[in-house]
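Student: Structure in structure tokens, see below.
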Amino acid sequence: MKRWLGPILVAVLCAAGMHMAALHFAPTVIMGQAMSTLAQRGVALHRFTNPERVTPQTQQVVRSSPDLYYALCRYDLSNPGMQLLVEMGDWPDYQSLSFFAAQTDNFATLRSTGEAAAVRLLPPGSPAGEGAIVSPSAKGIILIRRLAPSAERYAAAAAAGKADRCRLVWKDRIAAPAQE
Amino acid sequence: MRRFLAYLLAVVIGGAIGLGSALWMAGLLPGANTMAFGNVDVRGWRSDFAIGSEAADPYTRARVARYGLLALAKSEAVYFTRATDEDGAPLREACTYRLSGGAMPAGWWSVTLYDAASMLPANSDGALSIDASRAGAGAWEAVIAAQRPEGADHWISSRNAATFDLTLRLYMPEPAVIETPTTALVPPRIERLTCGDAP
């Protein structure tokens with residue numbers, strides 16, 4: 001019996017380690033897969049992309065709402081000194097600008113019903129400043145939601161979305177949208 | 001050599017148990033019960049108010065990544081899900097249900113039907129949800145059925161959904177919903193009307 005103590009102890013340690021590792025990495029892996037899928041389906045890097053109105057035929061993300069207008073912007077702030085300028089156009093009904101880190105956390109949301117909004121998104125470790133949000137991860141997703149439960153309201157929301165901006169800024173210069 | 005094989009087997013078995021238990025406890029294994037989560041239950045509607053927050057435990061994070069990616073934190077929106085009717089039976093495409101409720105303690109609300117894969121059911125009926133703007137103020141009713149019912153003001157189509165669940169979204173929830181959800185929220189009722197032979 002004594003000779004099995006070592007292998008049993010190793011099995012327990014491996015089980016605990018693998019359990020914790022799987023839980024730790026699962027959200028990042030799933031989020032990474034989602035970001036890759038969004039990229040393959042045309043959601044741009046550093047630019048808002050407005051997918052079609054959510055229907056069974058166009059849905060891209062689990063549990064999307066058919067009553068909301070969505071616009072997505074993938075970002076990558078891996079290089080130091082970069083930041084994003086994010087602007088959300090005016091909309092007379094509910095709208096929000098939400099930020100999701102690579103670990104899936106919704107680390108910030110700006111509600112701006114009836115008016116436009118703008119904010120800077122800074123790389124991890126940046127000092128916080130007025131009008132700026134610090135991202136906890138280099139990569140993530142920014143999402144605009146607008147209440148648009150009918151085809152007419154969706155068309156109006158899409159028109160309002162022409163004022164949305166998600167621009168990469170490098171040392172006071174505004175970079176061109178990524179070509180991908 | 002035998003000793004080496006024993007340790008190698010221990011690593012493989014331990015790793016498999018650890019991986020399997022993590023996926024099972026986070027509800028990530030195929031066929032997992034999507035309702036086996038959450039720390040809030042209001043008359044059968046379940047939610048986890050840690051969704052989207054940095055305080056979410058690793059099990060919640062993993063589950064949300066799979067079933068509710070890009071969900072908002074509770075200060076902006078809360079999400080309740082229910083997969084059974086008032087009698088506790090699973091919601092099925094073969095049955096017809098009456099969904100009823102009243103005003104909700106939120107700036108805007110909706111109820112949307114999703115299939116077992118957390119996707120909108122593959123139909124082109126254009127009847128996927130009901131929301132505050134369509135329901136109007138006060139009491140409201142909708143019929144959940146695979147075919148458009150006669151005489152109903154509101155219809156949510158379950159065609160091609162097989163077994164399904166409903167998600168109640170409360171945007172801009174009143175603070176009481178977060179603090180005392182069981183008293184602040186009267187969620188919609190789901191009454192089974194008839195059942196056929198389909199799955």
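Student: Compute, for B:HIS154, the solvent-accessible surface of its heavy atoms (probe 1.4 Å) with the complete set of protein chains present, and express it in square angstrom to the nearest 10.
Tutor: Rounded to the nearest 10, that gives 50 Å².
Student: Find the centroid of the Cα atoms in region A:1-51 and in region B:135-159, then give the distance between the two in whole Å.
Tutor: 41 Å
Student: Right, something else. Excluding ligands, DNA and RNA, what is the accessible area buried between chains B and A, summed over both sides, using a 1.4 Å probe, to the nearest 100 Å²?
Tutor: When B and A are taken together, about 4200 Å² of accessible area is lost.
Student: Separate question: What list of whole percents do you get for P(r) of region B:71-199, with Cα-Cα distances grouped in 5 Å bins up to the one holding the largest distance?
Tutor: 2, 11, 21, 24, 20, 13, 6, 2, 0
Student: Pick from A:GLU87, A:GLU130, A:GLU52: which residue has the top mean-square fluctuation in a GNM of chain A where Cα pairs under 10 Å get a spring?
Tutor: So, out of A:GLU87, A:GLU130, A:GLU52, the one fluctuating most is A:GLU130.
Student: I would also like to ask the following. Mind listing the phi-derived Karplus ³J(HN,Hα) values for region A:51-56, rounded to whole Hz, using 6.51, -1.76 and 1.60 with θ = phi - 60°, and x for any glycine or proline?
Tutor: Result, rounded to whole Hz: x, 5, 3, 5, 9, x.
Student: Counting only residues 5 or more places away or on other chains, whose amide H sits under 5 Å from the amide H of A:ALA102 once H atoms are built in the peptide plane?
Tutor: When sequence neighbours closer than 5 places are left aside, the close amide H contacts are A:SER137, A:LYS139.
Student: So which GluC sites (Glu not before Pro) in region B:117-199 are both in a DSSP loop and have at most 16 other Cβ atoms within 10 Å of their Cβ?
Tutor: B:GLU150
Student: At 1.4 Å probe size, with no ligands or nucleic acids counted, give the accessible surface of B:MET25 in Å², nearest ten.
Tutor: Approximately 90 Å² of B:MET25 is accessible to the 1.4 Å probe.
Student: In debye to the nearest 20, how big a dipole does the protein assembly as shown give about its Cα centre with +1 on each Lys and Arg Cβ and -1 on each Asp and Glu Cβ?
Tutor: Magnitude of the dipole: close to 1460 debye.
Student: Helix B:2-25 versus the longest principal axis of chain B: what angle, 0 to 90°, nearest 10, using Cα atoms?
Tutor: On a 0 to 90 degree scale, this one is about 10.
Student: For region A:7-156, place one equal point scatterer on every Cα, skip the solvent, and apply the Debye formula. What is log10 of I(q)/I(0) at q = 0.12 Å⁻¹?
Tutor: After summing over all Cα pairs, the log10 values are -0.58.
Student: Another question, then. Running a GNM on chain A with Cα contacts under 10 Å, which residue among A:ALA26, A:ALA132, A:ALA101 ends up with the highest mean-square fluctuation?
Tutor: Residue with maximal mean-square fluctuation among A:ALA26, A:ALA132, A:ALA101: A:ALA26.
Student: Just need the relative contact order of chain A here, percent rounded to a whole number, with Cα pairs under 8 Å and 6+ apart.
Tutor: 26 percent
Student: Taking θ = phi - 60°, what integer Hz values does the Karplus form 6.51 cos²θ - 1.76 cosθ + 1.60 yield along region A:62-78, in sequence order, with x for Gly and Pro?
Tutor: 4, 6, 5, 9, x, 9, 10, 8, 10, 9, 10, 9, 7, 9, 9, 10, 5
Student: Helix-only estimate, please: 222 nm mean residue ellipticity of the protein assembly as shown, summing -39500 (n - 2.57) across DSSP H runs of length 4 or more and dividing by its residues, to the nearest 500.
Tutor: -8000 deg cm²/dmol
Student: Enter the accessible area per residue of the protein assembly as shown (Å², integer; probe 1.4 Å; all protein chains in place).
Tutor: 46 Å²
Student: Here's a follow-up. Non-local amide H neighbours of A:ALA132 (under 5 Å, H modeled in plane, Pro and chain starts lacking H): which ones?
Tutor: A:ARG120
Student: Round to the nearest 10 and give me the degree value, 0 to 90, for the angle of helix A:2-40's Cα axis relative to the longest principal axis of chain A.
Tutor: Helix A:2-40 sits roughly 10 degrees off the main axis of chain A.
The values are calculated or read from the model by the stated rules, or taken from the named source; none is laboratory data. Please read these numbers as outputs of a predicted model, since none were measured by experiment. Neighbour counts run over all protein chains shown; Cβ positions are idealised from the backbone, glycine included. Remember, those area values only see protein heavy atoms, side chains included, never the ligands or the DNA or RNA. Shrake-Rupley method; radii C 1.70, N 1.55, O 1.52, S 1.80 Å.
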